[in-house]
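S.K.: Pasting a structure here, questions to come.
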Amino acid sequence: MDRLNGKVALVTGGAQGIGAACVQRMVEAGARVAIVDVLDAAGQALERQLGERTCYLHADVSVEAEVARAVQATVARFGRLDVMVNNAGISGANKPTHELTEAEWDRVQAINVKGVFFCTKHAIGPMRAAGGGSIINLSSIYGLVGAPDVPPYHASKGAVRLMSKTDALLYAADRIRVNSIHPGFIWTPMVEHHLTTLHGDAAAHQRELAALHPLGHLGEADDIAWGVVYLASEEAKFVTGSELVIDGGYSCR
Ligand SMILES: NC(=O)c1ccc[n+]([C@@H]2O[C@H](COP(=O)([O-])OP(=O)(O)OC[C@H]3O[C@@H](n4cnc5c(N)ncnc54)[C@H](O)[C@@H]3O)[C@@H](O)[C@H]2O)c1
């Protein structure tokens, strides 16, 4: 496959879960990809597995100087930047709103919202230099509909949905497209962790989660990665400000 031949991408949170699947599928499609994460061992292992068309860079997306360095290092290594996948995220504290601390609220916004801001901010210069680009923001079904849990997470994903539309408008003239992706529950370490925050039988909770999706099961990381490959490619050249919902029908109701 050569849908992404010549393109250079940076994937935040690329060491595991959805991010790692995005890295893998984009490399197979011909891209060179910087894997940005704080999980150094997993990131370095993925770089070894995929070879010289990838490089692992340590950066915490909530720290602007680290984001700036990672973007500069990507351009230094691969010569340009065409695609930014803002995927790094945490689910955060699972408590009702009246029990949350300010620190618990702020931590989620720092990574899920401010991280997207920093990465977008520092991607614009190299994308303008490249003559355009594609910014792909991982929101969630919970950027579209509510649920009675993880309040800071849902707030963060709603913010990411509208940040995508604002930036789509701001940078359309630069031929920089900005879209959001809205996954249903995808089987990754994040969802495994979420199940451990619920009381009772984890296997029963997994079946309950699956049943929320009309297709009857959770998604796989690749279900999202194929959407990312599409939005990164020239096949999506007329797509900006859109919401790509990949949720097994969860949000149809
Ligand atoms: N899994 C799902 O069901 C689901 C559903 C909807 C949306 N999403 C979104 O998709 C994205 C990926 O989720 P996932 O399920 O693969 O999660 P995950 O926890 O399995 O992986 C997230 C990755 O982000 C990295 N990360 C976390 N904080 C970081 C930071 N400060 N700086 C850099 N990297 C950091 C982690 O180390 C990890 O590698 C997240 O934004 C998540 O909110 C996931």
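S.K.: From (1) within 14 Å of the ligand (Cβ to nearest atom); (2) open to solvent by 50 Å² or more (accessible area, probe 1.4 Å); (3) within 22 Å of Gly89 (Cα to Cα), pick out the condition that doesn't hold for Lys165.
M.R.: That leaves (1) as the condition not met.
A quick yes/no check of all residues on (1) among the charged types (D, E, K, R); (2) without any contact (Cβ under 8 Å) to a residue 24 or more places away in the chain; (3) closer than 27 Å to Ile176 by Cβ; (4) open to solvent by 30 Å² or more (accessible area, probe 1.4 Å):
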{"residue": "Ala65", "(1), (2), (3), (4)": "no, yes, yes, yes"}
{"residue": "Arg77", "(1), (2), (3), (4)": "yes, no, yes, yes"}
{"residue": "Thr101", "(1), (2), (3), (4)": "no, yes, no, yes"}
{"residue": "Asp106", "(1), (2), (3), (4)": "yes, yes, no, yes"}
{"residue": "Gln109", "(1), (2), (3), (4)": "no, no, yes, yes"}
{"residue": "Phe118", "(1), (2), (3), (4)": "no, no, yes, no"}
{"residue": "Arg128", "(1), (2), (3), (4)": "yes, no, yes, yes"}
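S.K.: Check Ala147 against each of (1) under 14 Å from the mean Cα position of the chain (by Cα); (2) of a type in the set (Gly, Ala, Ser); (3) assigned to a loop (DSSP other than H, G, I, E, B) and name the one condition it does not meet.
M.R.: (1)
S.K.: Among the residues of the range 36-66, which ones are under 23 Å from His122 (Cα atoms) and within 9 Å of the ligand (Cβ to nearest atom)?
M.R.: If the condition is that a residue be under 23 Å from His122 (Cα atoms) and within 9 Å of the ligand (Cβ to nearest atom), then Val36, Asp37, Val38, Leu39, Gly43, His58, Ala59, Asp60, Val61, Ser62, Val63, Glu66 are the ones that fit.
S.K.: Taking the range 219-253, which residues are buried (at least 19 other Cβ atoms within 10 Å of the Cβ), within 12 Å of the ligand (Cβ to nearest atom) and assigned to a loop (DSSP other than H, G, I, E, B)?
M.R.: If the condition is that a residue be buried (at least 19 other Cβ atoms within 10 Å of the Cβ), within 12 Å of the ligand (Cβ to nearest atom) and assigned to a loop (DSSP other than H, G, I, E, B), then Asp247, Gly248 are the ones that fit.
S.K.: Within the range 179-226, which residues are farther than 30 Å from Asp167 by Cα, of a type outside the set (Gly, Ala, Ser) and touching a Ser or Thr at 6+ places or on another chain (Cβ under 9 Å)? Outline the logic, then answer.
M.R.: Keep residues of the range 179-226 that are farther than 30 Å from Asp167 by Cα, which gives 192-218.
Add one more test, that the residue is of a type outside the set (Gly, Ala, Ser), and what stays is 192-199, 201, 205-209, 212-215, 217-218.
The answer is His193, His194, Thr197.
S.K.: Go through the range 9-35 and give me each residue that's without any contact (Cβ under 8 Å) to a residue 60 or more places away in the chain, of a type in the set (Val, Ile, Thr) and within 11 Å of the ligand (Cβ to nearest atom). Outline the logic, then answer.
M.R.: Kept after step one, since they are without any contact (Cβ under 8 Å) to a residue 60 or more places away in the chain, are these residues of the range 9-35: 15, 23, 27-28, 30, 32-35.
Retained after the next criterion (residues that are of a type in the set (Val, Ile, Thr)): 23, 27, 33, 35.
Residues satisfying the conditions are Val23, Ile35.
S.K.: Now, a different point. Restricting to the range 137-163, what's the tally of residues that are under 16 Å from Val61 (Cβ atoms), of a type outside the set (A, V, I, L, M, F, W, C) and in contact with a strand residue (DSSP E or B) (Cβ under 7 Å, 6 or more places away or on another chain)?
M.R.: Going through the range 137-163 one residue at a time, the tally reaches 2.
S.K.: Would you check which residues across the range 206-218 are part of a loop (DSSP other than H, G, I, E, B) and open to solvent by 20 Å² or more (accessible area, probe 1.4 Å) and list them? If you could, list the steps in order and put the result at the bottom.
M.R.: Initially, the range 206-218 is screened for residues part of a loop (DSSP other than H, G, I, E, B), giving 212-218.
The answer is Leu212, Pro214, Leu215, Gly216, His217, Leu218.
S.K.: Every residue in the range 181-196 that is under 18 Å from Pro214 (Cα atoms), near the ligand (Cβ under 7 Å from one of its atoms) and assigned to a loop (DSSP other than H, G, I, E, B), please.
M.R.: Gly184, Phe185, listed by residue number.
The values are calculated or read from the model by the stated rules, or taken from the named source; none is laboratory data. Computed from a predicted structure; not experimentally measured. Neighbour counts are summed over all protein chains in view; Cβ atoms, including those assigned to glycine, are modelled from backbone coordinates with ideal geometry. The area values use the complete protein model at the heavy-atom level, side chains included, leaving out ligands, DNA and RNA. Shrake-Rupley method; radii C 1.70, N 1.55, O 1.52, S 1.80 Å.
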